[in-house]
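The values are calculated or read from the model by the stated rules, or taken from the named source; none is laboratory data. Here the structure is a predicted model, which is why all the values come from computation and not from measurement. Note: ideal-geometry Cβ built from the backbone for every residue, glycine included; neighbour counts use all protein chains shown.
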């Protein structure tokens with residue numbers, strides 16, 4: 001069973017980006033925004049985008065265990081940010097079907113990938129177990145864990161992690177919704 005879960009997570013990780021393009025097409029087809037839905041959804045997405053940016057600027061992948069910044073509140077701020085961006089876009093699109101689809105993608109794609117990444121971090125950083133015992137997987141703790149190795153936001157890390165791509169994708173999505181609103 002463990003081997004199947006690992007193979008499933010590996011397969012899902014490889015298909016995550018290509019399946020995202022299919023989600024864009026589905027999003028385009030099923031979205032029916034209004035000015036009100038955009039006003040309600042875009043702020044939530046912006047919050048998620050800001051969380052992703054903050055997290056990416058504190059993350060030196062595979063070099064040090066990130067425990068400062070947003071990582072002092074949740075072990076997966078990038079995925080929490082993705083969830084907020086998607087939820088905001090679902091609200092903005094005014095489509096319950098997209099909400100169901102995005103929730104299914106998160107459950108069947110992102111959760112296994114998160115588990116796979118957690119195993120990788122456990123193998124890479126011996127101190128991960130202690131960190132994981134104190135910081136929730138996704139839902140953030142209100143008081144931050146005092147970081148043992150605080151890493152403040154660094155623009156160089158944000159750029160190295162190419163988080164600007166998420167901002168560009170979000171901008172394209174909002175522009176599309178605005179175009180569809182006028183159409």
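Summary of computed values
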| quantity | calculated |
| --- | --- |
| Segment 46-72 - residue that is under 19 Å from residue 143 (Cα atoms) and out of contact with any helix residue (DSSP H, G or I) (no Cβ under 9 Å at 6 or more places or on another chain) and, of those, surrounded by the most Cβ atoms within 10 Å (Cβ to Cβ) | 72 |
| From the options 68, 20, 41, 88, residue that is under 16 Å from residue 165 (Cα atoms) and either at pLDDT 90 or above or within 18 Å of the chain's Cα centre (by Cα) (or both) | 20 |
| Every residue from segment 51-60 that is more than 11 Å from the chain's Cα centre (by Cα) and either without any contact (Cβ under 8 Å) to a residue 12 or more places away in the chain or under 20 Å from residue 169 (Cβ atoms) (or both) | 54, 57, 59 |
| Residue among 125, 106 that is in contact with a helix residue (DSSP H, G or I) (Cβ under 9 Å, 6 or more places away or on another chain) and over 29 Å from residue 42 (Cα atoms) | 125 |
| In segment 88-99, residue farthest from residue 39 (Cα to Cα) [restricted to those that are without any contact (Cβ under 8 Å) to a residue 60 or more places away in the chain and in contact with a helix residue (DSSP H, G or I) (Cβ under 6 Å, 6 or more places away or on another chain)] | 99 |
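Here's the yes/no breakdown for (1) surrounded by fewer than 17 Cβ atoms within 10 Å (Cβ to Cβ); (2) without any contact (Cβ under 8 Å) to a residue 24 or more places away in the chain:
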residue	(1), (2)
104	yes, yes
110	no, no
120	yes, yes
130	yes, yes
154	yes, no
173	no, no
